[in-house]
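Peer 1: Before we start, here is the structure in question, set down as structure tokens.
We did not get these values from a lab; they are worked out from the coordinates using the rules stated. As the structure is a computational prediction, the values presented were derived from the model and not from experiment. So basically every Cβ, Gly included, is an ideal-geometry build from the backbone, and we count neighbours across all protein chains shown.
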Amino acid sequence: MTEPARSIAILIGVLLVALTISAFLIWLERRLLALWQDRYGPNRTGPFGLLQVLADMIKIFTKEDWIPPFADKPVFVLAPTIIMVTVLLSFAVIPFTSVIQVVNLNIGLLFFLGMSSLGVYSVVLGGWSSNNKYSLLASLRAAAQMLSYEVFMGLSLMGVVLIAGSFDLRQIVLAQRHLWFCIPELFGLVIFLIAGIAETRRLPFDLPEAESELVAGFHAEYSGMKFGMFFVGEYLGITLISAMIVTLFFGGWLGPGLPPIVWFLLKTFCFICFFILLRASLPRPRFDQLMGYGWKVLLPLSLLNLLITGAVALALHPSKG
Amino acid sequence: MLSLLKTFWYVFLHLFRKRETIQYPEEKVPLPPRYRGRIILSRDPDGGERCVACYLCAVVCPVACIALQATEDESGRRYPEFFRINFSRCIFCGFCEEACPTYAIQLTPDLQMSEYRRPNLVYEKEDLLISGPGKYPDYNFYRVAGLKIAGKDKGQAEQEQPPVDLRSLLP
């Protein structure tokens with residue numbers, strides 16, 4: 001295959017797989033949550049209830065796509081697309097295997113961080129343009145939460161960058177050939193995991209859409225496919241964060257025996273399940289606890305982690321310093 | 001932090017627990033015999049209708065879903081000419097069963113009576129009447145009541161003294 005045709009094939013393939021996986025995550029989440037609560041979950045439509053996704057899609061596509069008369073119309077329409085675009089763009093830099101990658105940026109990690117920061121706009125604009133007090137409160141929370149967790153999300157990854165010596169995600173994976181970074185960078189992993197949950201606004205950090213306080217949060221006024229896009233965006237976010245954890249800390253596609261892509265998908269799947277397990281087992285903290293935890297505990301920890309990693313790296317390889 | 005991990009582990013272990021769900025159309029909940037479901041009219045052990053059309057059930061019904069008309073046959077037994085329960089109104093409170101003096105009206109452990117058309121939920125007497133005595137197999141109202149009907153005179157009921165001749169009590 002010629003080089004442009006190959007890139008386009010990879011591009012479309014990644015797009016389709018990402019969207020399909022995120023759609024099936026709706027089923028997976030409902031099913032796993034049910035299993036962890038001693039129930040069955042959706043098991044009627046098709047084998048294991050797999051066609052539930054299709055039923056949900058048909059339902060959401062045929063729902064009335066309503067824009068409230070008091071909403072700021074252009075921004076209201078724009079907001080759900082932002083989250084989809086930013087998350088899907090982040091998928092471009094993820095190395096699924098050594099050959100399957102949409103673009104090989106030498107600053108792939110920075111690109112990912114930048115795109116996940118842009119995702120805040122979706123929530124903030126959605127809540128703002130809904131012209132609804134609860135939505136606005138939710139988007140204020142989302143902005144505060146994502147800005148503060150963004151800080152040490154970046155810092156926690158700098159340890160990985162220090163060890164691998166590159167911002168290039170493919171180089172980072174290749175640097176884990178002998179030892180996955182989850183061992184030397186355990187603190188970085190834990191901090192990145194927590195920040196990642198906060199970035200995807202998943203339970204226990206789903207304060208922007210805390211049902212018990214804020215109706216449905218920033219998407220209270222959304223319906224039909226616009227709501228669906230927020231939803232798919234959230235699941236894409238989970239997939240993305242899981243894929244990033246695998247890439248940065250668990251050796252990406254590296255693994256014995258199985259083909260590389262299978263290793264990558266398997267590891268990602270485990271982390272997606274872990275995200276759902278988090279939702280099944282943890283309560284939601286208060287907002288001030290969330291912010292205090294972020295700034296007073298995680299930020300110092302990530303700085304300390306960076307300091308120690310830097311010191312060790314310098315001690316081991318003085319030539320690099 | 002350790003307690004969090006413990007929480008994850010315990011929640012994860014629920015994967016292998018027994019499910020609470022009863023998968024309804026295939027599996028069903030075992031209903032106790034006194035469950036308050038579909039209403040029936042029972043017969044006495046001899047096969048006669050137990051209902052004496054006293055209207056107590058229709059009066060006590062809080063949603064007024066029971067309609068009936070009393071009549072009497074040539075032997076002197078009262079029975080309902082028609083007996084109609086509108087199950088789209090019925091709340092299955094069981095008051096009719098409590099009010100019934102002859103154990104005729106009874107609630108059964110059957111709840112699968114959905115219909116696509118509302119008029120189909122109006123049950124007539126032939127839909128309600130069953131062939132057996134229901135929950136009280138030995139009870140026969142006319143055998144214990146003092147009422148005179150054809151083939152059973154005064155004083156012939158079970159545990160009933162023969163009627164006293166008032167005029168023989170002269171001093």
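Peer 1: Specify the angular offset, from 0 to 90 degrees and rounded to the nearest 10, of the alpha carbon long axis of helix A:133-164 from the longest principal axis of the alpha carbons in chain A.
Peer 2: So the helix axis and the longest Cα principal axis differ by about 20 degrees.
Peer 1: Between B:ILE91 and A:SER98, with labels modelled 7 Å along Cα→Cβ, what's the label distance in nm to one decimal, could you check?
Peer 2: My value for the distance between the label points is 7.4 nm.
Peer 1: Go through A:VAL87, A:THR45, A:TYR235 and say which Cα lies farthest out towards the positive end of the charge dipole of the protein assembly as shown; charges sit on Cβ, +1 for Lys and Arg, -1 for Asp and Glu.
Peer 2: Farthest towards the positive end: A:VAL87.
Peer 1: Could you tell me the calculated FRET efficiency between A:GLU64 and A:SER212, based on Cβ-Cβ distance and R0 = 25 angstrom, to the nearest 0.05? Could you put the intermediate results ahead of the total?
Peer 2: Numbers: r = 27 Å, r/R0 = 1.07.
The formula returns an efficiency of 0.40 here.
Peer 1: Using Cα atoms only, what is the angle between the long axis of helix B:2-13 and the major principal axis of chain B, expressed in degrees (0 to 90) to the nearest 10?
Peer 2: It is inclined by approximately 50 degrees.
Peer 1: Per DSSP helix of 4 or more residues, -39500 (n - 2.57); summed, then divided by the residues of chain B. What does that give at 222 nm, rounded to the nearest 500? Provide the component values of the computation, followed by the final result.
Peer 2: Working: 5 runs with 30 residues, N = 171.
That calculation yields -4000 deg cm²/dmol at 222 nm.
Peer 1: Also: Using a Gaussian network model of chain B with C-alpha springs under 10 Å, which one of B:GLN161, B:GLN69, B:GLN23 is most mobile by mean-square fluctuation?
Peer 2: Of B:GLN161, B:GLN69, B:GLN23, the most mobile in the Gaussian network model is B:GLN23.
Peer 1: Here's something else I'd like to know. Nothing charged except the Cβ atoms of Lys and Arg (+1) and of Asp and Glu (-1): what's the magnitude of the dipole of the range B:7-100 about its Cα centre? Round to the nearest 20 debye.
Peer 2: Numbers: 13 positive and 12 negative charges, 129 e Å.
Dipole magnitude for the range B:7-100 comes out near 620 debye.
Peer 1: Taking K and R as +1 and D and E as -1, what net charge do the other residues with C-beta under 14 Å from the C-beta of A:GLY119 add up to? Write down the numbers at each step before the final one.
Peer 2: On the way: positive: A:ARG201, A:ARG202; negative: A:GLU150, A:GLU199, A:GLU234.
Net charge around A:GLY119: -1.
Peer 1: Also, I was wondering about something else. Angle, helix A:260-281 long axis vs. longest principal axis of chain A, Cα atoms, 0 to 90°, nearest 10?
Peer 2: 50
Peer 1: Sticking with this structure for a sec: Apply the Karplus curve 6.51 cos²θ - 1.76 cosθ + 1.60, θ = phi - 60°, to the phi angles in the range A:165-175 and return the couplings in whole Hz, x for Gly and Pro.
Peer 2: x, 7, 8, 6, 4, 5, 5, 5, 5, 5, 5
Peer 1: Also, quick follow-up: What aspartates and glutamates does A:LYS226 reach when the alpha-carbon gap must be under 18 Å and sequence neighbours fewer than 8 apart in one chain are set aside?
Peer 2: In chain and number order, the partners are A:ASP56, A:GLU64, A:ASP65, A:ASP72, A:GLU209, A:GLU234.
Peer 1: Compute the distance in nm between two label points, each set 7 Å from the Cα along the Cα-to-Cβ direction, one at B:THR7 and one at A:ARG44.
Peer 2: 3.3
Peer 1: Would you kindly derive the ³J(HN,Hα) couplings of the range B:142-147 from the backbone phi angles with the Karplus curve 6.51 cos²θ - 1.76 cosθ + 1.60 (θ = phi - 60°), listing them in order in whole Hz, with x for Gly and Pro?
Peer 2: Coupling constants for the range B:142-147: 5, 6, 10, 8, x, 5 Hz.
Peer 1: What is the spread of the Cα atoms of the range A:65-316 along each of their three principal axes, largest first, in whole Å?
Peer 2: Principal extents (Cα only, largest first): 61, 39, 32 Å.
Peer 1: Would you calculate, for chain A, the mean residue ellipticity at 222 nm contributed by helices, counting each DSSP H stretch of 4 or more residues as -39,500 (n - 2.57) and dividing by all residues, to the nearest 500? Don't skip to the end; give the middle numbers.
Peer 2: Details: 12 runs with 214 residues, N = 321.
Mean residue ellipticity, 222 nm, calculated: -22500 deg cm²/dmol.
Peer 1: Might you report the magnitude of the Cβ-based charge dipole of the range A:234-321 about its Cα centre, with Lys and Arg at +1 and Asp and Glu at -1, to the nearest 20 debye?
Peer 2: Working: 6 positive and 2 negative charges, 23 e Å.
The calculation lands at about 120 debye.
Peer 1: Next question. Suppose every K and R has +1 on its Cβ and every D and E has -1 on its Cβ; what is the size of the dipole of chain A about the Cα centre, in Debye to the nearest 20? Can you show the working numbers first?
Peer 2: Numbers: 21 positive and 18 negative charges, 80 e Å.
Result for chain A is approximately 380 debye, rounded to the nearest 20.
Peer 1: Given H placed 1.01 Å from N in the peptide plane, which residues other than close sequence neighbours of B:PHE83 have an amide H under 5 Å from its amide H?
Peer 2: HN-HN under 5 Å from B:PHE83: B:LYS125.
Peer 1: Please work out how many pairs of lysine residues in chain B are eight or more positions apart (or on different chains) and have Cα atoms closer than 30 angstrom.
Peer 2: 10
Peer 1: Are there trypsin sites (Lys or Arg not before Pro) in the range A:130-226 that DSSP marks as loop and that have at most 10 other Cβ atoms within 10 Å, and which are they? It would help to have the intermediate numbers written out before the result.
Peer 2: Values: sites: A:LYS133, A:ARG141, A:ARG170, A:ARG177, A:ARG201, A:ARG202, A:LYS226; in loops: A:ARG177, A:ARG201, A:ARG202.
Here the trypsin sites (Lys or Arg not before Pro) that fit, given the DSSP loop and packing criteria, are A:ARG177.
Peer 1: For A:276-288, what's the mean count of beta carbons from other chains sitting within 10 Å of each residue's beta carbon? Can you show the working numbers first?
Peer 2: Numbers: counts 0, 6, 4, 1, 5, 9, 4, 1, 0, 0, 0, 0, 0.
Partner Cβ neighbours, averaged per residue: 2.
Peer 1: On to the next question. In peptide B:11-21, how many Cβ atoms from other protein chains are near each Cβ within 10 Å, on average?
Peer 2: Numbers: counts 8, 7, 1, 7, 5, 1, 4, 1, 7, 4, 7.
Taking all residues of B:11-21 together, the mean is 5.
Peer 1: Modelling each spin label as a point 7 Å along the Cα-to-Cβ direction, I'd like the A:LEU282/A:LEU316 distance in nm, to one decimal.
Peer 2: 2.8
Peer 1: Could you tell me the calculated FRET efficiency between A:CYS273 and B:PHE82, based on Cβ-Cβ distance and R0 = 56 angstrom, to the nearest 0.05? Numbers along the way, then the final one.
Peer 2: Values: r = 62 Å, r/R0 = 1.11.
The pair A:CYS273/B:PHE82 has a calculated efficiency of 0.35.
Peer 1: With unit charges on the beta carbons (Lys and Arg positive, Asp and Glu negative) and the dipole taken about the Cα centre of the protein assembly as shown, which residue among A:GLY159, B:VAL122, B:PHE95 sits farthest to the positive side?
Peer 2: Ranked along the dipole, the leading option is A:GLY159.
Peer 1: Okay, moving on. Name the residues whose placed amide hydrogens come within less than 5 Å of the amide hydrogen of B:LEU129, ignoring near sequence neighbours (fewer than 5 apart) on the same chain.
Peer 2: For B:LEU129, whose amide H was placed from the backbone, the distant partners under 5 Å are B:LEU41.
Peer 1: Quick check on chain B: what are the equivalent-ellipsoid semi-axes from the Cα gyration tensor, as sqrt(5λ), descending, whole Å?
Peer 2: Working: eigenvalues 489, 90, 39 Å².
Semi-axes (√(5λ), whole Å): 49, 21, 14.
Peer 1: Taking only Cα atoms of the protein assembly as shown, what ratio of Rg to Rh do you get with Rh as the Kirkwood inverse-distance radius? Don't jump to the answer; show the numbers that get you there.
Peer 2: Numbers: Rg = 35.8 Å, Rh = 28.4 Å.
Looking at the protein assembly as shown, the ratio lands at 1.26.
Peer 1: Kindly put A:VAL246, A:VAL102, A:VAL297 in sequence by how many other C-beta atoms sit within 10 Å of each C-beta, fewest to most. Walk me through the intermediate numbers first.
Peer 2: Details: A:VAL246 27, A:VAL102 20, A:VAL297 13.
Taking fewest neighbouring Cβ atoms as first place, the list is A:VAL297, A:VAL102, A:VAL246.
Peer 1: Given the C-alpha centroids of the range A:251-294 and the range A:98-151, what is the distance between them in whole angstrom?
Peer 2: Taking the Cα centre of each part, the range A:251-294 and the range A:98-151 sit 19 Å apart.
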